[in-house]
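Reviewing the structure listed below.
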């Protein structure tokens with residue numbers, strides 16, 4: 001009996017021991033822990049809400065990914081879905097609405113109640129010590145307008161916000177649309193831009209436009225591809241890390257940033 005107790009205690013001690021990872025990347029050989037829209041899918045607070053993002057930062061994450069859309073009157077809104085009715089008490093698409101039309105939108109999916117849809121300006125103005133965090137702005141442009149005028153309007157709105165809060169060195173932009181990449185590079189070539197794309201095409205776009213990195217699902221990139229990207233001077237940010245196993249998989253691939261839905265677990269693994 002005594003030996004059994006000793007073996008059990010040794011097992012418990014070893015299981016609580018922090019796993020060591022040999023991290024070698026372009027992010028000072030460290031992996032930045034980022035939330036996915038704050039605390040991620042399936043948590044107490046809805047994605048991109050102020051409550052979700054602040055909770056994520058208060059846990060000790062280096063920052064968070066935030067989904068960004070623009071209203072008809074050029075207000076930047078932190079919102080993920082293409083249609084408001086997917087998760088709020090309102091309907092339609094943000095790019096077809098002025099902010100005054102949707103400023104009272106609240107999330108309705110259970111267990112969420114009374115949490116507001118907020119602007120990017122509101123978020124940043126209410127986060128203490130804002131500049132110490134890293135923010136990945138996933139620019140979700142569901143607006144089919146591909147005109148240079150639209151691209152310039154969107155990117156100017158983004159630039160105005162980061163200038164207002166001094167976030168030039170704290171923000172990474174994620175784009176799927178090459179027209180928006182071209183526009184932002186023309187206006188502010190100094191800013192950090194990631195392309196949201198599959199690996200091979202993503203690397204081509206990175207090289208063509210001299211971008212900083214690729215954002216990709218953790219399932220769609222291998223450790224060898226991460227190494228290839230790093231050899232090219234290209235950073236890698238991954239998403240879809242919505243389980244402990246996927247967190248560890250992302251760490252073992254030596255990526256630079258992990259946008260996780262299991263923030264608390266990822267912090268525990270890396271800190």
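The values are calculated or read from the model by the stated rules, or taken from the named source; none is laboratory data. In this text, all values refer to a predicted model and were calculated from it rather than measured experimentally. When we count neighbours, we look across all protein chains shown, and the Cβ atoms used for this are built from the backbone with ideal geometry, even at glycine.
Observations
- Number of the exception - residue 128 against (1) more than 23 Å from residue 174 (Cα to Cα); (2) out of contact with any strand residue (DSSP E or B) (no Cβ under 6 Å at 6 or more places or on another chain); (3) surrounded by 12 or more Cβ atoms within 10 Å (Cβ to Cβ): (3)
- Selected residue [out of contact with any strand residue (DSSP E or B) (no Cβ under 9 Å at 6 or more places or on another chain), in a helix (DSSP H, G or I) and either surrounded by fewer than 19 Cβ atoms within 10 Å (Cβ to Cβ) or at pLDDT below 95 (or both)] from 149, 157: 149
- When the range 44-66 is limited to residues that are part of a loop (DSSP other than H, G, I, E, B) and touching a helix residue (DSSP H, G or I) at 6+ places or on another chain (Cβ under 7 Å), the one that is modelled with the lowest pLDDT turns out to be 45.
- Scan of the range 204-223 for residues that are farther than 15 Å from residue 255 by Cα and surrounded by fewer than 21 Cβ atoms within 10 Å (Cβ to Cβ), ordered by number: 204, 205, 207, 208, 209, 210
- Every residue from the range 224-247 that is touching a helix residue (DSSP H, G or I) at 6+ places or on another chain (Cβ under 7 Å) and either part of a helix (DSSP H, G or I) or surrounded by fewer than 24 Cβ atoms within 10 Å (Cβ to Cβ) (or both): 225, 229, 232, 234, 240, 244, 246, 247
- For residue 25: the one exception among (1) out of contact with any helix residue (DSSP H, G or I) (no Cβ under 9 Å at 6 or more places or on another chain); (2) under 30 Å from residue 235 (Cβ atoms); (3) in a loop (DSSP other than H, G, I, E, B): (1)
- The range 183-203 - residue that is in contact with a helix residue (DSSP H, G or I) (Cβ under 7 Å, 6 or more places away or on another chain) and not in a loop (DSSP other than H, G, I, E, B) and, of those, surrounded by the most Cβ atoms within 10 Å (Cβ to Cβ): 195
- Selection status of residue 113, assigned to a loop (DSSP other than H, G, I, E, B), touching a strand residue (DSSP E or B) at 6+ places or on another chain (Cβ under 9 Å) and either surrounded by 13 or more Cβ atoms within 10 Å (Cβ to Cβ) or at pLDDT below 95 (or both): yes
- Some residue of the range 179-193 being touching a residue at least 12 places away in the same chain (Cβ under 8 Å) and over 24 Å from residue 163 (Cα atoms): no
- Test for residue 142: is it touching a strand residue (DSSP E or B) at 6+ places or on another chain (Cβ under 8 Å), outside any helix (DSSP H, G or I) and crowded, with 21+ Cβ neighbours inside 10 Å: no
- Some residue of the range 18-32 being at pLDDT 60 or above, surrounded by 10 or more Cβ atoms within 10 Å (Cβ to Cβ) and closer than 17 Å to residue 137 by Cα: yes
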